[in-house]
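The values are calculated or read from the model by the stated rules, or taken from the named source; none is laboratory data. Since this is a predicted model, take the numbers as computed values, not measurements. Cβ: placed from backbone, ideal geometry, glycine included. Neighbour counts: every protein chain shown. When the accessible area is computed, the model is the full protein with side chains, heavy atoms only, and any ligands, DNA or RNA have been set aside. Shrake-Rupley method; radii C 1.70, N 1.55, O 1.52, S 1.80 Å.
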Amino acid sequence: MAVVVDHPHGFKSLAQLPKCRLQSYSHFDTTMHELTHNITTTHTSNLTANFHKSYSTPCLSLATQAKEEFESPNPRIEIISGRKAPRVHALVAEVAIALASGVKPTPVPSGLGGAYYLQSRKGNTIAVVKPADEEPLAFNNPKGFAGRMLGQPGMKRSIRVGETGLRELAAYLLDHGGFAGVPPSALVKICNVPFNVNNTGLASNPPFKITSIQRYVEHDTDAGDLGPSGFSVSSVHRIGILDIRVLNLDRHAGNMLVKNFHGSYVAGMAELIPIDHGFCLPESLDDPYFEWLHWPQALIPFSETEVDYISNLDPFKDAELLRTELPSIRECSVRVFILCTIFLKRATAAGLSLADMGDMMTREFIGGEESWSILENICKNAKANLDMEITTDETDEVKEFEEMFTFDKEFEDSFNSKGDASTHPATDKPLKMFKNSSEGERSKLSDPRLARLLQESDSKDGCGPAGIPILRSVSFAAHNNNHDAGVCVSFEEMKEEEWSSFLEYFEELLPEAFEEKKSMSLLKQRLGNSCEF
């Protein structure tokens, strides 16, 4: 009998699984497959058949084995993260009852990762389960796209293999009050249930797997089968607000389910349900994809309800929520979330539309080269201001240090004028003073931050858009414009005080950027109205 959190129920045989309409295509980075070792010609030939609009597969790193998994062969499920989230316990209880009744996971044929439907004892699908070690590129991937270990770069370089389930739950936790309609999600440990295991030399038959679990959403179709004019403005806005907050890298038509369609196309009536958030909260400012960016609803101003919701968001309170509920999430991802939420709040207050915000966050291809987004350029300028402040502070410290030895310098000059000692060039005196001074005194001029800044000033080994040289920094990673080495902007190694100062400079630069964006949008509208076809 499986471990359940509800009263005992009877069980009966299961009916046939309902068909889920999620067959669609997405932007796919084929170069990532060249880096794996297990993708053969046969597997590649099946790519089209298995392809899905979203290759995101929520997961988490594997947990250590516990004694209870070996003591009983019966299926069991245990919540790892998400206990405090609303409606999670009800979902897990239904799944536990289904497992106790003998239900076996049914593989989902679409997509690049391992995903499974779970049915209730009444035969209806209740959940979608995605094991951590079966997502694309993970070692137990059942569709031939394996070869990497958990924690290595995944299909998106800023999202690691095995960590997308963390982000599925994060999106649900951050969707306060079900504003965007993210289905209930949790991270669970499922024991003694058959999932896929490849012959990789690792655990041949693990007693449990760490998986993400989401409530299955009954739907009519997905957004790829309908034109955008059929969707309600509210649905588009609410999904877009969530996507900007969490910097969703993979919002396409296939992961927006359509409800209230019922086979009849009525403009503006269909509701959208967002799913598959495994590629949100990247570790750096990666290039997002927003399907809604050019939809007409994105040009319509926010409603009063939406503006109130955004104004009440607290990025720092939500950041603490992420750190508390998901302690394994990296701080650099939390900082990206803080930055994007501040951007959303300030842009909304400035009167920008959802389309304006999405455009400012998205990179463009100009002359065959990928250019940084407006948001990335704002961050680059904020970091330059921060570096200038640090340099100024360090210069002031050097001046204070030199003033400490003014009397010694005057005494030495007077001593040398009498011929009692050899005269040294003025440029050599600081070196002479340090050579005979203590380690503590020498450290004042050899501060690591100053050394880093000097090294950055001399470094020209990276080029940004249009050949602009990029200064490399351990706390603000910047790579060349083809992004082969990674993404442009990261806050991973930035010290806490530097991060706080950076946010201040970032907010100071936003108003000017917003005014420029509004002017550009107004110019486009005028040009569009003046054109005759």
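Rank-order 115-126, 134-145 by packing density, defined as the average count of other C-beta atoms within 10 Å over each peptide's residues, highest first.
Numbers: 115-126: 19.0, 134-145: 25.0.
The packing order, highest mean first, is 134-145, 115-126.
Whole number please: convex hull volume per residue of the Cα set in the stretch 87-180, in Å³?
Details: hull volume 11.6 nm³, N = 94.
Hull volume normalised by residue count: 124 Å³.
Where only protein heavy atoms count, and the probe is 1.4 Å, what is the accessible area per residue for the stretch 276-395 in Å²? Numbers along the way, then the final one.
Details: 4640 Å² over 120 residues.
Value for the stretch 276-395: 39 Å² per residue.
Mark the label point 7 Å from the Cα of ILE366 along Cα→Cβ and return the residues of the stretch 489-511 whose backbone N is within less than 18 Å of it.
489
Which value in Å does the Kirkwood hydrodynamic radius of the stretch 233-316 take, with 1/r averaged over all unlike C-alpha pairs and then inverted? Kindly include the intermediate steps, with their values, before the conclusion.
Numbers: mean 1/r = 0.0716 Å⁻¹.
About 14.0 Å for the stretch 233-316.
Fully extended, how many nm does the chain gain between ARG330 and ASN312 (0.36 nm per residue separation, minus their Cα-Cα distance)?
Details: separation 18, 0.36 × 18 = 6.48 nm, distance 2.50 nm.
Stretched fully, the ARG330-ASN312 segment lengthens by 4.0 nm.
When the Kirkwood hydrodynamic radius is evaluated over all pairs of different C-alpha atoms of the stretch 180-294, what value in angstrom, to one decimal, is obtained? Before the final figure, lay out each step's value.
Numbers: mean 1/r = 0.0617 Å⁻¹.
Across the stretch 180-294, the inverse of the average 1/r is 16.2 Å.
Could you rank LYS84, LYS104 by how accessible they are, 1.4 Å probe, largest area first? Can you show the working numbers first?
Working: LYS84 165, LYS104 125 Å².
Correct descending sequence by accessible area is LYS84, LYS104.
As a test of reading the structure, rank ASP287, ASP133 by solvent-accessible area (1.4 Å probe, protein chains only), most first. Show your work: numbers first, answer last.
Values: ASP287 45, ASP133 5 Å².
Ranking ASP287, ASP133 by accessible area, largest first, yields ASP287, ASP133.
Can you give the convex hull volume of the alpha carbon atoms of the stretch 333-398 per residue, in Å³?
Looking at the stretch 333-398, the number lands at 135 Å³ per residue.
Rounded to the nearest 0.05, what FRET efficiency do SER229 and GLU504 have when you use their Cβ-Cβ distance and R0 = 41 Å? Don't jump to the answer; show the numbers that get you there.
Numbers: r = 42 Å, r/R0 = 1.04.
Computed FRET efficiency for SER229 and GLU504: 0.45.
Please report, as a whole percent, how much of the solvent-accessible surface of the stretch 87-181 comes from carbon and sulfur atoms (probe radius 1.4 Å). Numbers along the way, then the final one.
Details: 1320 of 2450 Å².
Of all accessible area on the stretch 87-181, carbon and sulfur atoms account for 54 percent.
Using a Förster distance of 51 angstrom, determine the FRET efficiency expected from the C-beta separation of LEU522 and ASN192, and round it to 0.05.
Working: r = 62 Å, r/R0 = 1.22.
For LEU522 and ASN192, the calculated efficiency is 0.25.
Leaving out ligands, DNA and RNA, and with a 1.4 Å probe, what % of the accessible surface on the stretch 246-303 is carbon or sulfur? Provide the component values of the computation, followed by the final result.
Details: 1220 of 1970 Å².
Taking all protein chains in place, the stretch 246-303 shows 62 percent carbon and sulfur surface.
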